[in-house]
Amino acid sequence: MSFTFLVRNLTINVSKVSRRALHTGCPRLLATDKNLLVKLRKSTGYTFINCKKALEKFDNDVAQAEAWLHQQAQKEGWSKANKLEGRKAKEGLVGLLVGDQVAVMVEVNCETDFVARNEKFQQLVKDVAFTALAHHQNKSQSRTGYIKSLLASDELTKLTVSDGVTLADQVALNIGRLGENMSVRRAVTISLPTDWHIGSYIHGGVAGQTQVAMGRYGALVVFQGGKEEERGILGRKLGQHVVGEAPTLLGNMDDLPCGESETRLLPQTFLGDPSRTVAQFLKGQEARVLDFVRFQCGETISEIDCS
């Protein structure tokens, strides 16, 4: 047997072993990669392609891959935000959070109802609500009585969510993730004296939301009086009326209705009982409305009145 034959045979056998090892080892490696890919995709919401690229870049280190994805999405988001700035964002959600003698209502916009139903977008609405409320509570710590604050987009986006991350950063991150123009449009925050109460209502609500109610329309109503055990129902009925009838002014308890075009709350025909005005309904409840705010998602600036 020649030396050449032995070398050739050895080479062939080694080659077969190598191919067998590669063949039997690959499925295990691919399974691990797939699990990491699914995990990263679920935790970040980014595409499989981008998640795969991140894992390859950092040798399957999920933590580094996730941090890099967030950085890239934010950079891409700012870039996309500049490109999409002129595109109309009339869809979105109104978010409403009511606490102990405090409440906040916000509007966050996007381009389509499809994105408004996305969990990432709804998380942005929550972030805006909690951040705006925290800002209000910090500012009003030394103040008492009824405090109402209106925040426009430029004020909201500067607020810090955590660790130096602003709401503007959060918006950019979500633009990078979801590929639509978005904006944090406005917020109203209120805090009340102990003997005042908050009624609230969201219309067209998003199922499954607990802490922050979300929908296309929202209302906050500040009132006094009413039977203690029925105040929750009273507040909801008043909120429903404000959403449905869209008053722009409060009016007085003794104002007379001026017809179908009535825009003052108290002289309007009460939505829950057309035989009475809102003022008459409140007298029967031994209550009075002190203030209200109504948000309609996408309404034009000329329609916005937070009286």
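Bear in mind that the values in this text are calculations on the coordinates, not laboratory data. No experiment lies behind these values; they were computed from the predicted model shown. Ideal geometry is used to build each Cβ from the backbone, glycine not excepted, and the neighbour counts take in all protein chains shown.
What to note about this one:
- For the range 219-287, convex hull volume per residue from C-alpha positions, Å³: 82 Å³
- Legend: ranking of residues F292, F114 from fewest to most surrounding C-beta atoms inside 10 Å; resulting order F114, F292.
- Partners for K34 among lysines (Cα-Cα distance below 22 Å; same-chain residues under 8 apart left out): K42, K52, K53, K57
- For the range 84-203, the fraction of C-alpha pairs farther apart than 20 angstrom is 42 percent.
- Per residue, the convex hull spanned by the alpha carbons of the range 91-303 comes to 128 Å³.
- Fraction of C-alpha pairs exceeding 12 angstrom in the range 109-161: 71 percent, rounded to a whole number.
- Mean Cβ neighbour count within 10 Å, used as a protection proxy, ranking 34-43, 263-272, 193-202 highest first: 263-272, 193-202, 34-43
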